[in-house]
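As structure tokens, the structure follows; a few thoughts come after it.
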Amino acid sequence: MKPIHSIILAFATFFLTACATSGFTYKDFKVSKGNAEAGTGKTVVFGSSHLQLEGTPIKMGDTLRDAKLTTMPPGFKLVSLTEGKGKVRIVSIVPSLDTKVCEQQTHYLSEKNRGLDRDVQLITVSVDTPFAQKRFAEEANIRNVTFLSDYRGGDFGRAHGLLVPDLHLLARSVMVVDKDNVVRYLQVVPELASMPDMERAFEEARKVAGLPPPASAMSSSSGSMGGGY
């Protein structure tokens with residue numbers, strides 16, 4: 001395994017060469033069909049390095065844990081995903097919005113859900129500061145996704161076994177949570193640089209919400225930015 005400073009340098013290089021720009025264009029990133037396990041003792045891959053995860057593992061069938069996240073300014077409220085009980089949710093978890101893969105994952109959630117956002121709450125969680133999340137949402141013109149930050153101490157990541165402690169980032173993941181706060185679908189992407197299978201997550205969310213398959217011409221709606229918490 002590489003020394004941790006080498007891993008940090010590699011990640012910093014990835015950030016600098018992949019920071020978001022205006023006029024977003026979808027790239028042909030690898031979409032992972034695999035699934036890693038969450039929790040202490042498990043790993044995800046970045047380049048040739050295996051990065052340890054930390055925390056209590058989450059799996060399908062488990063109930064969301066009560067961990068505090070911070071909303072975007074001006075609110076800066078401390079909230080828990082468990083407060084969304086009564087709504088079906090897609091929770092998209094990204095390492096940092098300042099990378100092209102995370103940027104695309106978030107745009108995909110917002111723009112390619114084919115009307116799913118009318119009935120299902122869309123949430124992005126990252127360790128970016130609330131200020132950085134707000135700037136990203138405004139520059140990307142994303143108004144139908146709730147952004148929540150785990151920057152304070154990685155409590156959400158640790159509570160679900162998705163914290164990468166050496167880099168203080170979250171493992172790239174996507175989960176579908178039902179109205180009773182039960183995780184009905186979960187993909188922890190084995191390689192941080194790959195996209196999750198968002199189409200599979202959309203499909204599972206429709207099943208959980210009891211919605212029919214989307215019409216091919218149906219377009220995504222836009223709600224208020226950060227609504228729901």
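Computed from the coordinates by the stated procedures, all read-outs in this text should not be read as laboratory data. Just so it is clear, the structure is predicted and the values come from calculations on it, not from any experiment. Neighbour counts are summed over all protein chains in view; Cβ atoms, including those assigned to glycine, are modelled from backbone coordinates with ideal geometry.
Within region 24-108, which strands (runs of 3 or more DSSP E) (wholly inside it) include 3 or more residues that are over 14 Å from residue 188 (Cβ atoms)?
68-71, 78-80
So which of 92, 96, 80, 49 is in contact (Cβ under 8 Å) with a residue 40 or more places away in the chain, in contact with an Asp or Glu (Cβ under 9 Å, 6 or more places away or on another chain) and surrounded by 17 or more Cβ atoms within 10 Å (Cβ to Cβ)?
Result of the check over 92, 96, 80, 49: 96.
Does region 129-168 hold any residues that are in contact (Cβ under 8 Å) with a residue 60 or more places away in the chain, surrounded by fewer than 24 Cβ atoms within 10 Å (Cβ to Cβ) and among the hydrophobic types (A, V, I, L, M, F, W, C), and which are they?
136, 137, 140, 142, 159, 167, listed by residue number.
Would you please name the residue that is farthest from residue 201 (Cα to Cα), looking only at residues in region 100-124 that are acidic (Asp, Glu) and surrounded by 19 or more Cβ atoms within 10 Å (Cβ to Cβ)?
Of everything passing the filter in region 100-124, 103 is farthest from residue 201 (Cα to Cα).
Could you look through region 134-161, keep only residues that are among the aromatic types (Phe, Trp, Tyr) and outside any helix (DSSP H, G or I), and pick out the one that is nearest to residue 82 (Cα to Cα)?
Filtering region 134-161 for residues that are among the aromatic types (Phe, Trp, Tyr) and outside any helix (DSSP H, G or I), the one nearest to residue 82 (Cα to Cα) comes out as 147.
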